[in-house]
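Chemist: One structure coming up, written as structure tokens, with questions to follow.
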């Protein structure tokens, strides 16, 4: 990695660490909410004759919802630069803009991945979720889903004109995407229209990927399709964002 | 030999259609290595746009900019040669001063001991050594401005673009910034320094470029500007209308201006003629309220070139 990239990644990590309260809230809240949704997922699992206990779905659902909501942090990472006047500074600095953007996306992709994994870990400790399949497969799904989210986040930033717009798109999008994928309530309980659009949502593939990864016999091969869909989605959205990106565009922002 | 920075017929237009606004209209400017050019003009005259074009942040619709003979194409090669401190402050408030400086020194590719040494040098140069471990967001306005300017120096650029670096700062900060500009210039950097504090340009003894409505209306060293656009004078204030004529040394006077009770006698070396004029004024039938020598200064030049009413919508220049 180049000196520049190390510097940019270090800066992003440092800034994220200095808003640790936000990071902590995004870790605690999903566990609390999973406590409420756990019974609903367990009941549906029982009625549908699934082998799942419901805990893995409750935990995975919250991991997905909050990883999606973490988009707001990615948005802040871009909009803060505008508010602080450092964006033009970076544009004028001897560094390719692709590295500036790449460092942000890499750090926030890692953050989202780690948060999902931390939730699985905390979910395991607090609610008795055990990974009977493959830990590596869980990591793969978390990483692939985070990639899809990061791609969507970058595209949302590129098309938004202000961080207010970005936040609305982010939270609304997170709820719709998570809801239609079965992360908020069991997929089988969703209205028919939501079940129809569900497979178009990254959350759908992430939910199924998590379930397959933690279930007995779960392996990388079991989640390959899920990860493939999620990775392709992330790359497609990210590429669309890169094509539409106008670095000189002025955006309304507040720090 | 060509100047280090060559700005040729640069035109910039913001917006499209009926909302389009010309920010620069065919500006030509050359800056040599080691030279400081003071850029002045009213708000909206195009100073910041010109700096952005030289820095490669704004693409001109016409004309071109060359840095060291190479076209400003926004490439890394040209970015390495240019350091910009934009008008609006641009620092990371959640990072310490050291982390802010360190980031931009690293972006310039320095590592290890050289990197640490450069951070210390920058801190010393901009009087930030005592503040290195404080969060930038906790600093005073003047201290933040020094950090902001220091970031432009981080990679030791050959071309420094400082857009109103002393806006809202105290005397200590202004002195530190002007010293830093002098040192950079002495080390061979071409500096473009925009300001509304004209006395700073006097202190820097630099060439002055005046922008008005996107056009360069003057570009000369200060003595040449003063000779061309401003004149020294003796001003006499009377209680009532000023007498029309009859003062001594009429043949040496360039011109006489009346303004209510004030008589302005434009003359070479006014101090030498002060006694003569005072005697004449005291002997007139009007009571004299005051008499003083008014030296030609940059402010007079500025007011003449760019201080009038706002230009017409079509950008008619204000050269009078």
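Chemist: Name the one entry in B:133, B:102 that is in contact with a helix residue (DSSP H, G or I) (Cβ under 9 Å, 6 or more places away or on another chain) and buried (at least 19 other Cβ atoms within 10 Å of the Cβ).
Modeler: From the options B:133, B:102, the qualifying one is B:102.
Chemist: Checking the condition buried (at least 22 other Cβ atoms within 10 Å of the Cβ), assigned to a strand (DSSP E or B) and more than 12 Å from chain A (Cβ to nearest Cβ), which residue from B:177, B:162 passes?
Modeler: Answer to the selection: B:162.
Chemist: Which of the residues belonging to the stretch A:186-224 are surrounded by fewer than 17 Cβ atoms within 10 Å (Cβ to Cβ) and touching a residue at least 60 places away in the same chain (Cβ under 8 Å)?
Modeler: Once the filter is applied, which keeps residues that are surrounded by fewer than 17 Cβ atoms within 10 Å (Cβ to Cβ) and touching a residue at least 60 places away in the same chain (Cβ under 8 Å), the stretch A:186-224 yields A:188, A:189, A:216, A:217, A:219, A:220.
Chemist: Sticking with this structure for a sec: Could you list, in sequence order, all residues of the stretch B:267-290 that are surrounded by fewer than 17 Cβ atoms within 10 Å (Cβ to Cβ) and either closer than 14 Å to residue B:232 by Cβ or at pLDDT below 80 (or both)?
Modeler: Matches in the stretch B:267-290: B:268, B:269, B:271, B:272, B:274.
Chemist: Being assigned to a loop (DSSP other than H, G, I, E, B) and within 15 Å of the chain's Cα centre (by Cα) is the filter; apply it to the stretch A:183-226 and report the residue that is modelled with the highest pLDDT.
Modeler: Selected residue: A:201.
Chemist: Test residue B:90 against the criterion of being farther than 29 Å from residue B:205 by Cβ, in a loop (DSSP other than H, G, I, E, B) and at the interface with another protein chain (Cβ under 9 Å from one of its Cβ atoms), and give yes or no.
Modeler: No: the conditions fail for residue B:90.
Chemist: To continue, here is another question. Could you look through the stretch B:72-87, keep only residues that are out of contact with any strand residue (DSSP E or B) (no Cβ under 6 Å at 6 or more places or on another chain) and more than 30 Å from residue B:139 (Cα to Cα), and pick out the one that is nearest to the other protein chains (Cβ to nearest Cβ)?
Modeler: In this case the residue turns out to be B:76.
Chemist: Still on this structure, I have one more. Considering each residue of the stretch B:180-201, count those that are at pLDDT 90 or above, part of a helix (DSSP H, G or I) and closer than 21 Å to residue B:29 by Cα, and give that number.
Modeler: Here the count works out to 7.
Chemist: Further, regarding this structure: Would the stretch A:7-27 turn up any residue that is part of a loop (DSSP other than H, G, I, E, B) and within 14 Å of chain B (Cβ to nearest Cβ)?
Modeler: yes
Chemist: For the stretch B:68-87, enumerate the residues that are farther than 23 Å from residue A:85 by Cβ and in a strand (DSSP E or B).
Modeler: Across the stretch B:68-87, the qualifying residues are B:70, B:71.
Chemist: Ok, one more. Is one or more of the residues making up the stretch B:33-50 more than 21 Å from the chain's Cα centre (by Cα), in a strand (DSSP E or B) and within 30 Å of residue B:223 (Cβ to Cβ)?
Modeler: Looking through the stretch B:33-50, none of the residues is more than 21 Å from the chain's Cα centre (by Cα), in a strand (DSSP E or B) and within 30 Å of residue B:223 (Cβ to Cβ).
Chemist: Of all residues in the stretch B:93-128, which are more than 14 Å from chain A (Cβ to nearest Cβ) and closer than 23 Å to residue B:78 by Cβ?
Modeler: B:122
Chemist: For the stretch B:24-49, name all the residues that are within 13 Å of residue B:216 (Cβ to Cβ) and within 14 Å of chain A (Cβ to nearest Cβ).
Modeler: Hit for the stretch B:24-49 is B:49, nothing else.
Chemist: Moving on. Is at least one residue of the stretch B:224-232 modelled with pLDDT of 90 or more, within 17 Å of the chain's Cα centre (by Cα) and under 30 Å from residue B:34 (Cα atoms)?
Modeler: No, because not a single residue in the stretch B:224-232 is modelled with pLDDT of 90 or more, within 17 Å of the chain's Cα centre (by Cα) and under 30 Å from residue B:34 (Cα atoms).
Chemist: Follow-up question, since we're still on this one. Examine the stretch B:55-65 for a residue that is over 22 Å from the mean Cα position of the chain (by Cα), assigned to a helix (DSSP H, G or I) and facing another protein chain (nearest Cβ under 8 Å), and state whether such a residue exists.
Modeler: Scanning the stretch B:55-65, I find no residue that is over 22 Å from the mean Cα position of the chain (by Cα), assigned to a helix (DSSP H, G or I) and facing another protein chain (nearest Cβ under 8 Å), so the answer is no.
Chemist: Still on this structure, I have one more. Let me confirm something: among B:15, B:41, which residue is at pLDDT below 95, in contact with a strand residue (DSSP E or B) (Cβ under 7 Å, 6 or more places away or on another chain) and surrounded by fewer than 21 Cβ atoms within 10 Å (Cβ to Cβ)?
Modeler: None of the other options fit; the residue is B:15.
Chemist: Out of the helices (runs of 4 or more DSSP H) lying entirely within the stretch A:37-126, which hold 3 or more residues that are within 14 Å of chain B (Cβ to nearest Cβ) and under 30 Å from residue B:84 (Cβ atoms)?
Modeler: Those helices (runs of 4 or more DSSP H) span A:71-84, A:86-92.
The values are calculated or read from the model by the stated rules, or taken from the named source; none is laboratory data. Quick caveat, the model's predicted, so the values are computed rather than measured. Cβ sites come from the backbone with ideal geometry, for glycine too, and all protein chains shown count toward neighbours.
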